[in-house]
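S.K.: Just dropping this structure here.
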Amino acid sequence: MAFKVLGIETSCDETSAAVVAGGSTVLSNVVSSQIDIHCKYGGVVPEIASRRHVEMILPVVHEALEAAGVKLDGIDGVAVTNGPGLAGALLVGVAFAKAVAYAKGLPLIGVNHLEGHVYANWLGETRPEFPFVCLIASGGHTDLVVVHGHGDMDIVGRTRDDAAGEAFDKVARVMGLGYPGGPLIDGLAGGGTPGRVRLPRAFLEEDSFDFSFSGIKTAVVLAMERLGNERWSLEDLAAEFQEAVAEVLVEKAVALAGGRGIRRVALAGGVAANSALRRRLAEAGSRLGLDVTIPPLALCTDNAAMIAAAGYYRLSAGERSGFDLNAEADLPFSRRPGCDAVVSTGRT
């Protein structure tokens, strides 16, 4: 019988619980979103998010277990996001996971949220083979990672300022679209034509795999001042913006793969739901003969299924977290969160 992991994710404004069997079969994945609560503020309010997690964690876990057709006695391990994220929000999930694991005598594992995003690629119809390059693009992070094997990952590039998802939110605010910015810009861009207004692409120094999106945000602000005086629309600006962001993300990802002799590229994170990014990566893969893995849309944004999948492989490797596991808002991707057995992530 496949090893079943209960996953819990509360790093930001989604309360999520999932049951995953064998690290790849999603038996349930329940997500309670707080978008309707936070949209009036133009972004996530940490205190409100934490209180909402307290209210929703128990019913969400119950729903996940019921949907999976199992009881807690049928669970073999508990995986929980313990960083990075909002400290108060993380604490809710970590405390709940520790209580369940302690009460039922189950192994507990803390999972880095970014590692969880990588493992969303194990939950679709196809799974990447090692080694592969993974582009993680979300509201708080933009990283290029080389994944050599389970528990063996290198961060090769990361954002120097705004993350890609953060840039989408800020640009949406400038355009008067609201929050969250990603899907709103994507929807608006469908009625526009990229190239009618030109925005810069920040590739930084030669051979750099880092990212910078603060400049394009400023360029959009300047372009908005010209709106109505030139032959392009707000829809055109939205289309050009997301094409510019997607172009830089994809070009750096495939360049890293080519430079390392790697034939596989995967996508992860909330920005992985963007239609321009998904299209550009698929086109680049076809053009260059790369195997491309892109998670289903429902698994791009924060969810507990990806945490359960990552937890499965960590638990299978003999890793365990103690009951002193704590939330770490700035948990580094390169360090294992509170494990008794540590697997290296520091290959150079």
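The values are calculated or read from the model by the stated rules, or taken from the named source; none is laboratory data. Everything numeric in this text was worked out from a predicted model, so none of it was measured. Virtual Cβ from ideal backbone geometry, glycine too; neighbours counted across all protein chains shown. Ligands, DNA and RNA are excluded from the accessible area calculation, which covers all protein heavy atoms including side chains. Shrake-Rupley method; radii C 1.70, N 1.55, O 1.52, S 1.80 Å.
S.K.: Leaving out ligands, DNA and RNA, what percent of the accessible area of region 199-348 is carbon and sulfur, probe 1.4 Å? The partial results should precede the final answer.
M.R.: Values: 3190 of 6510 Å².
Result for region 199-348: 49 percent of the exposed heavy-atom area is carbon or sulfur.
S.K.: D for region 14-79, whole µm²/s, Stokes-Einstein with Kirkwood Rh over alpha-carbon pairs at 10 °C and 1.306 mPa s: what number? Mind dumping the intermediate values first?
M.R.: Numbers: Rh = 13.0 Å.
Rounded, D is 122 µm²/s.
S.K.: I need the peptides 78-91, 209-222, 304-317 ranked by packing, meaning the mean over residues of other C-beta atoms within 10 angstrom, with the highest value on top. Kindly include the intermediate steps, with their values, before the conclusion.
M.R.: Working: 78-91: 25.9, 209-222: 17.9, 304-317: 28.2.
Order by mean packing, descending: 304-317, 78-91, 209-222.
S.K.: Follow-up question, since we're still on this one. Just the ratio, please: alpha-carbon radius of gyration of the chain over 2.2 N^0.38 Å, N its number of residues. Present the calculation step by step, with values, prior to reporting the outcome.
M.R.: On the way: Rg = 20.0 Å, N = 348, 2.2 N^0.38 = 20.3 Å.
My calculation over the Cα atoms of the chain gives 0.98.
S.K.: Let me ask something additional. Hey, with R₀ at 41 Å, roughly what FRET efficiency would Glu251 and Ala103 work out to, going by the Cβ-Cβ distance, to 0.05? Walk me through the numbers on the way to the answer.
M.R.: Values: r = 50 Å, r/R0 = 1.21.
It comes to 0.25.
S.K.: Let me ask you something else. Go through region 26-31 residue by residue and turn each phi into a ³J(HN,Hα) via Karplus (6.51, -1.76, 1.60, θ = phi - 60°); whole Hz please, and just put x for glycine and proline.
M.R.: Each residue's phi maps through the Karplus curve to give 7, 8, 6, 7, 9, 10 Hz.
S.K.: Here's something else I'd like to know. Residues in region 79-111 near a label at Ala317, defined as backbone nitrogen under 19 Å from the 7 Å Cα→Cβ point?
M.R.: 79-84, 107-111
S.K.: May I pose another question? State the number of lysine pairs found in the chain whose Cα atoms come within less than 20 Å, restricting to pairs 8 or more positions apart or on distinct chains.
M.R.: Working: Lys4/Lys71; Lys4/Lys98; Lys4/Lys104; Lys40/Lys170; Lys71/Lys98; Lys71/Lys104; Lys170/Lys217; Lys217/Lys252.
Lysine pairs meeting the criterion: 8.
S.K.: Can you tell me the dipole magnitude for the chain around its Cα centre, using point charges on the Cβ only (Lys, Arg +1; Asp, Glu -1), in Debye to the nearest 20?
M.R.: On the way: 31 positive and 41 negative charges, 61 e Å.
The dipole of the chain has a size of about 300 debye.
S.K.: Using the alpha-carbon atoms, what tilt in degrees (0 to 90, nearest 10) does helix 214-224 show relative to the longest principal axis of the chain?
M.R.: The angle comes out near 50 degrees.
S.K.: So if we plug the beta-carbon distance of Ser214 and His148 into 1/(1 + (r/R0)^6) with R0 = 25 Å, what FRET efficiency do we get, rounded to 0.05? Let's see the in-between values first.
M.R.: Values: r = 31 Å, r/R0 = 1.26.
Efficiency for this residue pair is about 0.20.
S.K.: Continuing with the same structure: Which value, in Å², gives the accessible area per residue of region 73-214 when a 1.4 Å probe is used on the protein heavy atoms? Kindly include the intermediate steps, with their values, before the conclusion.
M.R.: Working: 5150 Å² over 142 residues.
I get 36 Å² per residue for region 73-214.
S.K.: If one takes the longest principal axis of the Cα atoms in the chain, at what angle in degrees, from 0 to 90 and to the nearest 10, does the Cα axis of helix 87-104 lie?
M.R.: Tilt relative to the chain: about 30 degrees.
S.K.: Test of understanding: express the Cα radius of gyration of region 29-163 as a ratio to 2.2 N^0.38 Å, with N the residue count. Don't jump to the answer; show the numbers that get you there.
M.R.: Values: Rg = 16.7 Å, N = 135, 2.2 N^0.38 = 14.2 Å.
So region 29-163 has a normalised radius of gyration of 1.18.
S.K.: While we're here: Quick one: Cα convex hull volume of region 154-268, Å³ per residue?
M.R.: Values: hull volume 12.8 nm³, N = 115.
Taking the convex hull of the Cα positions in region 154-268, it is 111 Å³ per residue.
S.K.: What net charge is computed for the residues neighbouring Gly74, neighbours being all others with C-beta under 11 Å from the C-beta of Gly74, Lys and Arg scored +1, Asp and Glu -1?
M.R.: Working: positive: Lys4, Lys71, Lys104; negative: Asp73, Asp76.
Here the count lands on +1.
S.K.: Pulled fully out, how much extra length does the chain show between Ala67 and Ala329, if you take 0.36 nm times their separation in residues and subtract their Cα-Cα distance?
M.R.: Working: separation 262, 0.36 × 262 = 94.32 nm, distance 3.05 nm.
Roughly 91.3 nm would be gained on extension.
S.K.: Once the Cα atoms of helix 304-316 and of the chain are each reduced to a long axis, what angle between those two axes, in degrees from 0 to 90 to the nearest 10, is obtained?
M.R.: 50 degrees
S.K.: Separate question: How charged is the neighbourhood of Gly191? Take every other residue with its Cβ under 10 Å from the Cβ of Gly191, and add Lys/Arg as +1 and Asp/Glu as -1. Working shown, then result.
M.R.: Working: positive: none; negative: Glu235, Asp236.
Charge balance in the 10 Å sphere: -2.
S.K.: Once the Cα gyration tensor of region 95-160 is diagonalised, what are the square roots of 5 times its eigenvalues, in whole Å and ordered largest first, as equivalent ellipsoid semi-axes?
M.R.: Three semi-axes, in Å: 27, 16, 11.
S.K.: Per residue, how large is the accessible surface of region 1-68? Use a 1.4 angstrom probe and give square angstrom. Don't skip to the end; give the middle numbers.
M.R.: Working: 2940 Å² over 68 residues.
Value returned for region 1-68: 43 Å² of accessible area per residue.
S.K.: Here's another thing I want to ask about it. If the only charges are +1 at each Lys and Arg Cβ and -1 at each Asp and Glu Cβ, what is the size of the charge dipole of region 183-301 around the Cα centre, to the nearest 20 debye?
M.R.: Working: 14 positive and 15 negative charges, 58 e Å.
Around 280 debye, computed over region 183-301.
S.K.: Which of the peptides 274-286, 225-237, 117-129, 7-19 is most tightly packed, and how do the rest follow, going by the mean number of other Cβ atoms within 10 Å of each residue? Present the calculation step by step, with values, prior to reporting the outcome.
M.R.: Details: 274-286: 18.8, 225-237: 14.5, 117-129: 20.3, 7-19: 29.5.
Going by the mean number of other Cβ atoms within 10 Å, highest first, we get 7-19, 117-129, 274-286, 225-237.
S.K.: Next question, about the same structure. Return the long-range amide H neighbours of Thr159 (sequence gap of 5 or more, or a different chain), with a cut-off of under 5 Å between placed amide H atoms.
M.R.: Thr142, Phe211
S.K.: For region 1-134, which whole-number percentage of the solvent-accessible area (1.4 Å probe, protein heavy atoms only) is attributable to carbon and sulfur atoms?
M.R.: Values: 2880 of 5160 Å².
Summing carbon and sulfur atoms, their accessible area is 56 percent of the total for region 1-134.
S.K.: A follow-up question, please. Can you pull the accessible area of Asp152 for me, 1.4 Å probe, Å² to the nearest 10?
M.R.: Its heavy atoms expose roughly 30 Å² to the probe.
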